[in-house]
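The values are calculated or read from the model by the stated rules, or taken from the named source; none is laboratory data. Since the model is a prediction, treat every value here as computed from it, not as a measurement. Cβ placement follows ideal geometry from the backbone for every residue including glycine, while neighbour counts extend to all protein chains displayed.
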Amino acid sequence: MKKYNPAEDVDFVVIGSGAAGAVMAKQLAVAGFSVVVMEQGPWGAYGHEQDYNKDELSNRFPAEDDMLLSDPRRQTNTFRRNANEKAGPGHHSYGCVVGGGTVTYGASSWRHLPWEFNEASRFGTIAGTGVADWPVSYDEIEPYYSQAEWEIGISGPNIKTPLIAPMSRPYPLKPLPVKSSGALLMKAADKLKLTVTPNVAAIITEPYNGRAGCINCGACSGYGCQVKARSSSAVALLPIAVATGNCEIRAFSYVREITVDASGRATGVTYFEKKNNNREVFQKAKCVVLSANGTETPRLLLLSRSNRFKDGLANSSGLVGKFLMSGNGGGASGLFPDPLNEYKGCVTGAAVLSYVPNDTKARGFYGGGRMTARGQMSPIQYGLAGPHGAPSWGADYKKALIEQANRRMTLVNFISQLPVETNMVDLDPEAKDAWGLPAMRITSTSHENDFKAMQFFIDRSVDILHAAGATQVWADKVSDSRGGAHSRGTARMGNDPRVSVVNKYHRAHDVPNLFVVDGSSFVTGGRNHPTMTISALAYRCADHLVKAARTGNITI
Amino acid sequence: MNDSRRNFLLKGFSASGAAWLAANWPRQAAAAEKAQAMGAFTFFTRPQAAEIDAIAAQVYPTTDTPGAREAQVIYFIDLALVTFAADKQKVYTDGLADLATRTKSFAAMPAAGQVALLNGIQATDFFKTVRDHTIMGMFAAPWHGGNFGKAGWRQIGYDDSLNFRAPFGAYDQA
């Protein structure tokens with residue numbers, strides 16, 4: 001791998017190596033630019049994926065250098081429901097390894113539908129929210145969805161329905177097995193006249209681009225993939241970036257500030273070398289790309305205060321960190337007479353699409369969601385959670401645990417969440433992270449509309465499980481989000497610098513050589529399946545950046 | 001495992017090497033096997049092990065299928081307390097001290113008395129921790145010390161081969 005001297009003025013520093021950062025690094029390096037990728041997490045099993053741990057206990061209690069997710073005790077964060085409360089300890093966690101969240105995610109890879117880019121003009125705005133149109137249309141982004149699907153490797157059904165975004169190219173790979181939960185969902189859908197399809201996933205089902213197809217090992221979400229079937233950034237994108245000889249990945253490198261000069265241009269990044277006693281290093285760069293996720297991206301902007309940018313970098317709108325959407329869910333579970341064995345295969349085999357569109361009149365709330373069939377529980381997880389309706393230990397616990405084993409199915413729903421300005425990421429005034437920097441503080445209470453949405457999806461889940469033939473069904477309680485890996489909206493795109501942080505090409509309105517691309521760019525949240533759109537936005541941003549940089553002017 | 005084998009294990013020599021194990025996590029697999037072969041404990045004294053073993057045997061009892069005792073969960077817990085759960089050592093020592101104020105020997109009590117006593121301390125950190133560790137010991141991979149002979153995995157129908165072809169269950173058959 002190419003190594004750069006930090007004093008060398010590289011073309012691009014990319015902060016973050018996940019769904020967006022890896023796309024940026026790969027596209028920029030392939031175009032011939034010098035790129036340094038900063039990743040605060042460890043290497044994981046980058047380049048030797050066969051060594052990924054499949055042991056549930058050590059995955060649950062990893063050694064520090066084997067962690068694949070951030071640790072809320074070190075990447076400290078706090079949480080409160082509203083600005084009147086004092087924030088307490090938070091449990092927000094995200095992918096934190098070379099490849100980011102894509103190394104361990106469930107890998108659902110749904111596109112946004114065309115109307116999810118202009119909900120304000122199509123359905124109207126809602127009081128108390130920041131619902132607005134995106135500055136980019138589906139037609140503009142469609143070619144980049146296709147490019148992302150084919151380069152990254154997405155498997156899915158090729159079905160024409162208004163419930164799936166129109167595609168200029170089909171998915172490159174056939175879908176994963178629907179599993180028993182998916183088969184039961186299809187049975188229920190027949191009765192209830194719902195549209196169900198196999199899931200769309202960044203998991204390859206046959207050999208593709210030199211990687212092996214999924215072997216359905218079942219130690220999937222939360223684990224690294226030992227056969228490289230999960231199309232993570234670490235196997236699908238970063239090796240191509242590195243192979244150009246233009247790209248260096250620096251793991252264990254925690255950026256604490258994006259620095260600027262007197263003219264307000266970014267000059268590089270200051271970071272801690274975690275494996276070198278947290279020595280501070282300055283990496284010079286002509287242009288900075290920030291792709292640190294929907295929560296760390298705004299935090300780093302707020303940490304990058306200077307005389308010129310007293311409220312944080314790129315924050316003249318005051319909207320850095322605001323309009324946080326961290327993702328709402330909820331559903332129901334049921335027991336079936338025979339084993340489903342959901343512990344085999346990927347997490348999600350099939351999804352109900354019928355409630356994706358908005359139907360405010362009929363449902364009494366704004367928004368929609370995608371329902372996914374699951375049931376995967378690994379042995380320790382199952383034992384600790386315990387059987388339904390039984391004591392938590394003793395002979396009756398054991399009896400029920402054995403009786404219910406492998407017979408459970410759960411509907412997990414991915415539901416719209418409205419952007420509300422008071423839901424935000426900012427800096428905690430007291431708590432510090434393990435490096436002594438102000439901890440992330442999350443403030444969030446969903447809009448009342450979203451509680452109706454969650455209840456609706458819980459009720460539909462109960463109906464579906466009954467229709468599928470469950471012998472016992474139990475519903476989740478409505479539960480508001482507290483953070484999580486799907487965080488979006490915190491550096492929103494827009495044409496007007498007064499009400500947005502980045503422009504339609506992800507350039508910060510206030511800093512001509514700073515590009516911010518990841519979930520933070522989202523204007524509205526879609527149906528809480530963000531990754532495919534994050535990847536497509538990054539391809540589009542990179543395309544623009546390459547063209548602009550080649551003309552010698554990245555500020556356009 | 002028969003009762004005399006278990007008693008042999010509990011009567012085995014006291015252990016050394018806790019520091020070695022802590023330094024070598026997660027390479028404790030070999031160590032776990034050795035410890036079991038020797039009947040050695042790294043954290044517990046033998047009387048302490050007997051008490052925890054008896055609690056674990058009520059959390060996940062022996063019925064018509066093996067329980068925590070046959071699955072050798074006590075060795076899992078002993079290793080846990082010098083590795084990933086080292087921060088729980090005090091919970092155990094404090095809990096055992098409290099238990100000693102309630103009974104001269106929990107292990108020697110009749111089963112009904114044991115259950116009644118545990119019902120009384122269900123809400124304590126100590127009981128909750130032993131409960132969670134017992135269950136982890138039933139269902140973690142055998143090289144962590146428990147789940148002897150994959151007894152736990154067999155009971156819940158878990159196949160650890162990590163390589164499957166659809167159909168997976170009863171409802172996705174073609």
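Just to verify a result, which residue in the range A:300-326, among those that are on the phi > 0 side of the Ramachandran plot and buried (at least 23 other Cβ atoms within 10 Å of the Cβ), is nearest to the other protein chains (Cβ to nearest Cβ)?
If we take residues in the range A:300-326 being on the phi > 0 side of the Ramachandran plot and buried (at least 23 other Cβ atoms within 10 Å of the Cβ), then A:321 is nearest to the other protein chains (Cβ to nearest Cβ).
I'm checking my understanding of the structure. Among residues of the range A:360-397 that are among the hydroxyl-bearing types (Ser, Thr, Tyr) and facing chain B (nearest Cβ under 10 Å), which one is nearest to the chain's Cα centre (by Cα)?
So the residue we want is A:378.
A quick yes/no check of all residues on (1) modelled with pLDDT under 95; (2) closer than 29 Å to residue A:163 by Cα; (3) touching a Cys at 6+ places or on another chain (Cβ under 8 Å):
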| site | (1), (2), (3) |
| --- | --- |
| A:347 | no, yes, yes |
| A:372 | no, yes, no |
| A:399 | no, no, no |
| A:423 | no, no, no |
| A:430 | no, no, no |
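I'm told residue A:98 meets every condition in (1) part of a loop (DSSP other than H, G, I, E, B); (2) in contact with an Asp or Glu (Cβ under 7 Å, 6 or more places away or on another chain); (3) surrounded by fewer than 18 Cβ atoms within 10 Å (Cβ to Cβ) except one. Can you identify the failing condition by its number?
Failing condition for residue A:98: (3).
Would you check if there is a residue in the range A:412-429 being among the aromatic types (Phe, Trp, Tyr) and within 14 Å of chain B (Cβ to nearest Cβ)?
Scanning the range A:412-429 turns up no residue that is among the aromatic types (Phe, Trp, Tyr) and within 14 Å of chain B (Cβ to nearest Cβ).
Quick one: which of A:215, A:204 is surrounded by 19 or more Cβ atoms within 10 Å (Cβ to Cβ), of a type outside the set (Phe, Trp, Tyr), under 30 Å from residue A:375 (Cβ atoms) and without any contact (Cβ under 8 Å) to a residue 60 or more places away in the chain?
None of the other options fit; the residue is A:204.
If residue A:193 satisfies every condition in (1) surrounded by fewer than 24 Cβ atoms within 10 Å (Cβ to Cβ); (2) away from every other protein chain (no Cβ under 14 Å); (3) under 25 Å from the mean Cα position of the chain (by Cα); (4) within 21 Å of residue A:372 (Cα to Cα) but one, which is the exception?
Only one criterion is unmet by residue A:193, namely (3).
All but one of (1) assigned to a helix (DSSP H, G or I); (2) within 12 Å of another protein chain (Cβ to nearest Cβ); (3) crowded, with 21+ Cβ neighbours inside 10 Å hold for residue B:153; state the number of the condition that does not hold.
For residue B:153, the exception is condition (3).
If we keep just the residues of the range A:340-359 that are more than 25 Å from residue A:225 (Cβ to Cβ) and assigned to a loop (DSSP other than H, G, I, E, B), which is farthest from the other protein chains (Cβ to nearest Cβ)?
A:358
Keeping to the range B:81-110, report how many residues are hydrophobic (A, V, I, L, M, F, W, C), assigned to a loop (DSSP other than H, G, I, E, B) and either within 14 Å of chain A (Cβ to nearest Cβ) or farther than 16 Å from residue B:55 by Cβ (or both).
4
Which residue out of A:181, A:146, A:168 is within 30 Å of residue A:470 (Cα to Cα) and either assigned to a helix (DSSP H, G or I) or more than 14 Å from chain B (Cβ to nearest Cβ) (or both)?
The conditions single out A:181.
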